[in-house]
Amino acid sequence: MKYYSTNKDAPLASLKRAVIKGLAGDKGLYMPENIDLLKDFVIGEMKDMTFQEIACTVARALFGDDVNGDTLDRIVIDSLPFDTPVVPLHDHIYSLELFHGPTLAFKDVGARFMARLLGYFIDNEGVRDVNVLVATSGDTGSAVANGFLGVEGIRVYVLYPKGKVSPIQECQFTTLGQNITALEIDGTFDDCQALVKAAFMDEEMNEHSKLTSANSINVARFLPQSFYYFYAYAQLDKIGQADELVISVPSGNFGNLTAGLFAHWMGLPVKRFIAANNRNDVFLDYLKTGLYTPRPSVATLANAMDVGNPSNFARILDLFSIYPNPYAAIRKRIAGYRYTDEDIAATLRRVYASYGYVLDPHGACAYQALIDDKLTESETGLFLETAHPAKFKNTVDNILGIDIALPPKLRAFMEGDKQSIALGKDFAGFKDYFLRQ
Ligand SMILES: *Cc1c(COP(=O)(O)O)cnc(C)c1O
């Protein structure tokens, strides 16, 4: 399958090229040209399949032209040694727990798949020495670093803002060693992101070595996220609850929601999606006005959603461009809600008091959006719980007045030795460091 650019001004790319380049030459995002639809009976049979079996089926539809089936199955199975269970909360409301992977957040799914796919291209298709640069405010860095740990031929540089990442988050990418290098930048997350962007533009750095990104602009990171939408549907189908499914997604860069839209496009029956935002609500503004106006992000309790210019918005527009009125079609398919920090705290408290369930601040937005959307009797609501609440221990403990236990996986990270390289936020210093590697 070929990939085109959302800006329509770059040549079609193979999967290999799209994964290694990340962004198209015209700065657009790559989109798969023609995806196989999954037949109704195939989706119907998923209720008796495991997560891994379903993921292999969906992966073959997405990537089967480019990687042979058995290899693809192995990549999928190696990527997903964990489950993403649907858990009933109350009255037709279910939590899709996406936090059972190694770094306890949904980004493990895409990061691990991308690492193994890239590893396959390196082992078999003559790709040499790839450098992955990733700027992080916390969660992306840990998922990417752990996903790529030990994959030969790939070096990962995680750029993070000094003093602005929680100790729990920091230890998940600074204690790994091997092919993972943590760069502690004396600046903000925006400074880190600016350094990565400047590196991709810099001729000398690109000549020195192959550079790619591992955030959700990369097709190998966001498309595999469609796997768990099918699996969630299958779990609900098995208990007769999948007929009118409403799915609420806590959204930042909108990679997760876009993967859900792709699943729907491939044939997954979903009645509508909900984009749940924190105070960074440019998408909600778009739904209300039809105008898309990026803004600088503001800091919130749900910090992985602090995004002022969601990169996957271009993909959403492109997906709906087949309709005569794309804006009307988007509004029909996706509802939007936004929550302040006070709202998030109130939701955490209410759900804990009523159901004994500890939400994380991101999942709390998605849960509350389902409630505010006022589902009908016949509808089932599913919200994506994107991270384990212990990843935001300080916030959650403070709001709920509890002392939530650290899962063993997190505790193990905390016991490692921090290794990171301190750099300033100026590009010259970063480039100089990089060229010496
Ligand atoms: C990254 C992240 C999000 C936002 O996902 P996008 O795909 O960027 O919309 C939501 N919740 C958590 C916990 C995250 O880490």
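Structural remarks
- In the stretch 196-223, the qualifying residues are those that are of a type in the set (S, T, N, Q) and more than 16 Å from the ligand (Cβ to nearest atom), and the one that is surrounded by the most Cβ atoms within 10 Å (Cβ to Cβ) is Thr212.
- So Phe173, is it within 27 Å of Ile122 (Cα to Cα), in contact with a strand residue (DSSP E or B) (Cβ under 9 Å, 6 or more places away or on another chain), among the hydrophobic types (A, V, I, L, M, F, W, C) and within 16 Å of the ligand (Cβ to nearest atom): yes
- Of residues in the stretch 1-44 being among the hydrophobic types (A, V, I, L, M, F, W, C) and assigned to a loop (DSSP other than H, G, I, E, B), the one surrounded by the fewest Cβ atoms within 10 Å (Cβ to Cβ): Leu37
- All conditions but one from (1) more than 14 Å from the ligand (Cβ to nearest atom); (2) over 27 Å from His100 (Cβ atoms) apply to Gly336; the one that does not is (1).
- Among residues of the stretch 369-393, those that are in contact with a Phe, Trp or Tyr (Cβ under 6 Å, 6 or more places away or on another chain), of a type outside the set (Ser, Thr, Tyr) and in contact (Cβ under 8 Å) with a residue 40 or more places away in the chain, counted: 6
- Any hit, the stretch 284-302, residues being buried (at least 24 other Cβ atoms within 10 Å of the Cβ) and either assigned to a loop (DSSP other than H, G, I, E, B) or not hydrophobic (A, V, I, L, M, F, W, C) (or both): yes
- Where a residue in the stretch 294-307 is more than 10 Å from the ligand (Cβ to nearest atom) and its partner, wherever it lies, is part of a helix (DSSP H, G or I) and of a type in the set (Val, Ile, Thr), with Cβ under 9 Å and at least six apart: Pro294/Val282; Arg295/Val282; Thr300/Ile344; Leu301/Ile344; Leu301/Thr395; Leu301/Ile399
- Any hit, the stretch 312-321, residues being within 16 Å of the ligand (Cβ to nearest atom), over 20 Å from the mean Cα position of the chain (by Cα) and farther than 16 Å from Ser251 by Cβ: no
- Scan of the stretch 315-352 for residues that are part of a helix (DSSP H, G or I), under 30 Å from Lys8 (Cβ atoms) and not charged (D, E, K, R), ordered by number: Ile316, Leu317, Leu319, Phe320, Ser321, Ile322, Pro326, Tyr327, Ala328, Ala329, Ile330
- Residues located in the stretch 224-260, provided they are of a type in the set (A, V, I, L, M, F, W, C), within 12 Å of the ligand (Cβ to nearest atom) and in a helix (DSSP H, G or I): Leu257, Ala259
- The single condition among (1) in contact (Cβ under 8 Å) with a residue 60 or more places away in the chain; (2) β-branched (Val, Ile, Thr); (3) more than 16 Å from the ligand (Cβ to nearest atom) that Ile274 does not satisfy is (3).
- Selected residue [within 19 Å of Thr181 (Cα to Cα) and either among the acidic types (Asp, Glu) or free of Cβ contacts under 8 Å to residues at least 40 places away in the same chain (or both)] from Gly424, Gly429: Gly429
- Looking across the stretch 85-98, just one residue is buried (at least 24 other Cβ atoms within 10 Å of the Cβ) and in a loop (DSSP other than H, G, I, E, B), and that is Leu98.
- Qualifying residue in the stretch 366-385 (condition: farther than 17 Å from Ala335 by Cβ and within 15 Å of the ligand (Cβ to nearest atom)): yes
- Residue within the stretch 140-162 that is under 20 Å from Val76 (Cα atoms), of a type in the set (Lys, Arg) and modelled with pLDDT of 95 or more present: no
- The number of residues in the stretch 386-437 being part of a loop (DSSP other than H, G, I, E, B), under 27 Å from the mean Cα position of the chain (by Cα), of a type in the set (Val, Ile, Thr) and surrounded by fewer than 20 Cβ atoms within 10 Å (Cβ to Cβ) comes to 1.
The values are calculated or read from the model by the stated rules, or taken from the named source; none is laboratory data. Computed from a predicted structure; not experimentally measured. As a convention, Cβ positions derive from the backbone with ideal geometry for all residues, glycine included, and neighbour counts pool all protein chains shown.
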